[in-house]
Structures are given as structure tokens and as C-alpha cells.
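Okay, so here's the structure we're looking at.
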Amino acid sequence: MTWKNITKETTQNYIWLQKFREGDHAALNYVYQHVFNSLLVYGKRILNDEFAVATIVQESILKGWDFRNRMQSMFHIYRFMRLNVTW
């Protein structure tokens, strides 16, 4: 599973987005599985400490979950989390 699959505008991703916005934990797990490794690799390019980066990535995913009502697409979710890792 890669982040590229989650950012495509597909019917399946639209359904997962709706579930995510409704607070379905299965949708959170779906997003987590698709973005974690990509965000981890991205963060390790910024900071060479895997534990710190993994913690930052998890925090960014939780922040995305907290702001789930504002998310407009799966791509928006991914970019929001990636921006939080950058910060």
C-alpha cells in the first residue's frame, strides 16, 4: 500500500473519506496503513532520528484525525499530515 493509491480520486477512496469524516476507526486505520511509511521516509530526510520521526508522524496522523471534519479529499488528508511532519 502506498500513498499514491490513497490520493487518487476513486469511489473507494471517497467512501473511506466519508467514513473518516464520520469518525470510523477502520477508516483511520486505512489512512494510517497508506500514509505512515511514506511520511516516515519523508521525515527521515529532514531529521535522521527514526524514533523521533515515527513519533512526529503518529502525531501528524492524530492531528489529521482531530481535524477530520475539515478534510475535503484523501489527498487533502495526506498533504495536511505531510505539512505537519515538515513543521
**Item:** Estimated distance in nm for a label pair at Asn29 and Phe75, the labels positioned 7 Å out from Cα along Cα-to-Cβ
**Value:** 2.8
**Fill in**
Zone reached by a paramagnetic label modelled 7 Å from Arg21 Cα along Cα→Cβ, restricted to the stretch 63-86 with backbone N below 20 Å, covers 63-82
**Fill in**
Computed, not fitted: 222 nm per-residue ellipticity of the chain from DSSP H runs ≥ 4 (each -39500 (n - 2.57)), nearest 500, equal to -25000 deg cm²/dmol
**Asked** Once you put a point 7 Å from the Cα of Leu83 and another 7 Å from the Cα of Val41, both along the Cβ direction, what distance in nm separates them?
**Response** 2.3
**Request:** Compute the acute angle (0 to 90°) between the alpha-carbon long axis of helix 11-22 and the principal axis of greatest extent of the alpha-carbon atoms of the chain; round to the nearest 10°.
**Result:** 80
**Asked** Using unit Cβ charges (K, R positive; D, E negative) and no other charged atoms, how large, in debye to the nearest 20, is the dipole of the chain about its Cα centre?
**Response** 260
**Request:** Determine how large the accessible area of Leu40 is when every protein chain is in place; take a 1.4 Å probe and give Å² rounded to the nearest 10.
**Result:** 20
**Fill in**
Here the chain gives, from Cα atoms, an Rg and Dmax in Å of 12.2, 37
**Asked** Which residue, chosen from Ser73, Ala52, Ala27, occupies the Cα position most advanced towards the positive end of the dipole of the chain, where the dipole is computed from +1 (Lys, Arg) and -1 (Asp, Glu) charges on Cβ about the Cα centre?
**Response** Ser73
**Prompt:** Taking K and R as +1 and D and E as -1, what net charge do the other residues with C-beta under 13 Å from the C-beta of Phe67 add up to?
**Reply:** +3
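Estimate the FRET efficiency between Phe67 and Glu9 by the formula 1/(1 + (r/R0)^6), using the beta-carbon distance for r and 30 Å for R0, to the nearest 0.05.
On the way: r = 21 Å, r/R0 = 0.69.
In this case the efficiency is close to 0.90.
The values are calculated or read from the model by the stated rules, or taken from the named source; none is laboratory data. Only a predicted model underlies this, so the values are computations on that prediction, with no experimental measurement involved. Positions of Cβ are generated from backbone atoms using ideal geometry, with glycine treated the same way; all protein chains shown enter the neighbour counts. When the accessible area is computed, the model is the full protein with side chains, heavy atoms only, and any ligands, DNA or RNA have been set aside. Shrake-Rupley method; radii C 1.70, N 1.55, O 1.52, S 1.80 Å.
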